[in-house]
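The values are calculated or read from the model by the stated rules, or taken from the named source; none is laboratory data. Because the structure is predicted, anything quoted here is derived from the model rather than measured. Cβ atoms come from the backbone with ideal geometry, glycine included; neighbour counts cover every protein chain shown.
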Amino acid sequence: MSTTTISNKPVTDAPTIGSNVRGYVERVRGGDMGALPAVFGLIVLCTVFAILRPAFLTAINFANLFTQGAGVTMIAMGLVFVLLLGEIDLSAGFASGVCAAVLATTLANHGQPWYIAVAAAILTGVVIGAVLGALVAKLGIPSFVVTLAAFLAFQGLVLLLVNDGTNIAVRDQTILSIENQNLPPALGWALYIGCVVIYAAVQIVRARRRAGRGLSVDPATVIAFRVGLLAVIGGLAVYALNVERSRNALIVSLKGVPIVVPIVVALLVFWTFVLRRTAFGRHIYAVGGNAEAARRAGISVDRIRISAFVICSTMAAIGGIIAASRDNSVDPNTGGSNVLLFAVGAAVIGGTSLFGGKGRVIDAVLGGAVVAVINNGMGLMGYSASVKFVVTGSVLLLAAGVDALSRKRAAASGLR
């Protein structure tokens, strides 16, 4: 008679590269496409523009893509939190304009240092978000109505702050350097190496913790591929940005990673950590997936909603600061025009669902890159703003359609 000894430790089949690939394919077939459409669209757009306009691939144009899309990307990052709840913030664009106007008036009219002006702008964003969130969460007014009213009111508030149309110049060198100055090449490489090392360490520590808990762990080759992919893409980007972009380097040198890039990366890492590694982030997804179930589980739904709007408006404030830096001034059009449409479009194009419960902060960055590439590439080809709007709107509609179809497939396959 034979005996079988069973260990108390959970037994899990070690995943292989093949099983990871098959699992990913099954998720895509089931409707969980993630950022795949945005990445595919970005590759196609870059290829088309590079063929039609070789100037698209020049170092100076590559740097322009980062500075052109940074402000919209910041606002889109904040919108991701609101969209995850199935809500919308139509005032985010003009909220960034209000905060930019507070920054400019604090600097120009009150003579305060840059850090006081930045703090005032961000505090304004926090207050705006708290008020909007309270109206939605406590009074039960639909977010569409609340933020549409704020959209109209903030236009008037910007006019008041800039004295009914005055252009307020921003001359503080620290603020201007955000969009107009670059890091020394050596510092750019140092930050790149640091990012790769930290990412690799996070992947290894995560794998060891999962293994220690008896959970499945990605194969070492998969982890190495992720780290290698980041290293290659980041290395090529830093190399391209460190190329001399000035036509006359003897007069003025123009090379290095734009200062705004590490700011975007730092906020991307921070908010990604908040969403994926904290209880608050899990509560965001829970409320977005099923608010009533989240409430019954003991989650303060009102607090989560208010917090999401605060984050959205705070990121709008940062986007407004970046816009003021890029334009060297603030006027009634700051945060207006197509800013909101591009920001919402960036989040949705990147893969964040309009129905709530699905999305990541990286979606805003990918979508922002798509929007920036469309505007930049079509500008190089000489197309008018009207054509750019039509194309961007079509891409947004396509992204929303993909999202709706993905949800239907996910529901049919039982994944949602």
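What the table below lists for this structure:
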read-out	value
Any hit, the range 400-408, residues being in contact with a helix residue (DSSP H, G or I) (Cβ under 9 Å, 6 or more places away or on another chain), among the charged types (D, E, K, R), under 17 Å from L36 (Cβ atoms) and at pLDDT 80 or above	no
Output for the range 163-184, where each listed residue is more than 24 Å from the chain's Cα centre (by Cα) and among the aliphatic types (A, V, I, L, M)	I168, A169, V170
Leading residue by the ranking (nearest to T278 (Cα to Cα)) among those in the range 78-123 that are of a type outside the set (A, V, I, L, M, F, W, C) and more than 21 Å from the chain's Cα centre (by Cα)	Y115
Filter result for I263 (within 29 Å of M315 (Cβ to Cβ), touching a residue at least 24 places away in the same chain (Cβ under 8 Å) and assigned to a helix (DSSP H, G or I))	yes
All positions within the range 304-339 that are of a type in the set (A, V, I, L, M, F, W, C) and either not assigned by TED's automatic domain parsing to the domain that holds S386 or not in a helix (DSSP H, G or I) (or both)	V330
Residue check, G319 buried (at least 19 other Cβ atoms within 10 Å of the Cβ) and closer than 30 Å to L160 by Cα	yes
Breaking point among (1) buried (at least 24 other Cβ atoms within 10 Å of the Cβ); (2) under 23 Å from V170 (Cα atoms), for V136	(2)
Tally of residues being closer than 10 Å to A399 by Cβ and part of a helix (DSSP H, G or I) across the range 347-362	4
Residue in the range 171-180 that is under 30 Å from I116 (Cα atoms), among the hydroxyl-bearing types (S, T, Y) and assigned to a helix (DSSP H, G or I) present	yes
Number of positions in the range 372-392 that are more than 19 Å from the chain's Cα centre (by Cα) and either assigned to a helix (DSSP H, G or I) or at negative phi (or both)	14
Cross-chain or 6+ apart pairs with Cβ under 7 Å, the range 212-227 first and under 20 Å from C195 (Cβ atoms), then small (G, A, S) and at pLDDT below 85	none
So R296, is it assigned by TED's automatic domain parsing to the domain that holds V80 and either under 20 Å from A120 (Cα atoms) or buried (at least 17 other Cβ atoms within 10 Å of the Cβ) (or both)	no
Failed criterion for E87 (all others in (1) assigned to a helix (DSSP H, G or I); (2) modelled with pLDDT of 90 or more; (3) among the charged types (D, E, K, R) hold)	(1)
Exclusive hit being surrounded by fewer than 17 Cβ atoms within 10 Å (Cβ to Cβ) and either more than 28 Å from the chain's Cα centre (by Cα) or in the same structural domain as N333 (by TED's automatic domain parsing) (or both), set L236, L160, L187, L230	L160
Residue check, L254 closer than 30 Å to G335 by Cβ and in contact with a helix residue (DSSP H, G or I) (Cβ under 7 Å, 6 or more places away or on another chain)	no
Subset tally (residues that are under 19 Å from L152 (Cα atoms) and surrounded by 24 or more Cβ atoms within 10 Å (Cβ to Cβ)) for the range 322-338	3
Every residue from the range 195-227 that is surrounded by 12 or more Cβ atoms within 10 Å (Cβ to Cβ), of a type outside the set (A, V, I, L, M) and under 26 Å from L267 (Cα atoms)	C195, Y199, Q203, R206, F225, R226
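Results for (1) surrounded by 13 or more Cβ atoms within 10 Å (Cβ to Cβ); (2) within 16 Å of I178 (Cα to Cα); (3) of a type in the set (G, A, S), shown as yes or no for each residue.
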residue	(1), (2), (3)
A240	yes, no, yes
R245	yes, no, no
V257	yes, yes, no
V260	yes, yes, no
L267	yes, yes, no
F280	yes, no, no
A286	yes, no, yes
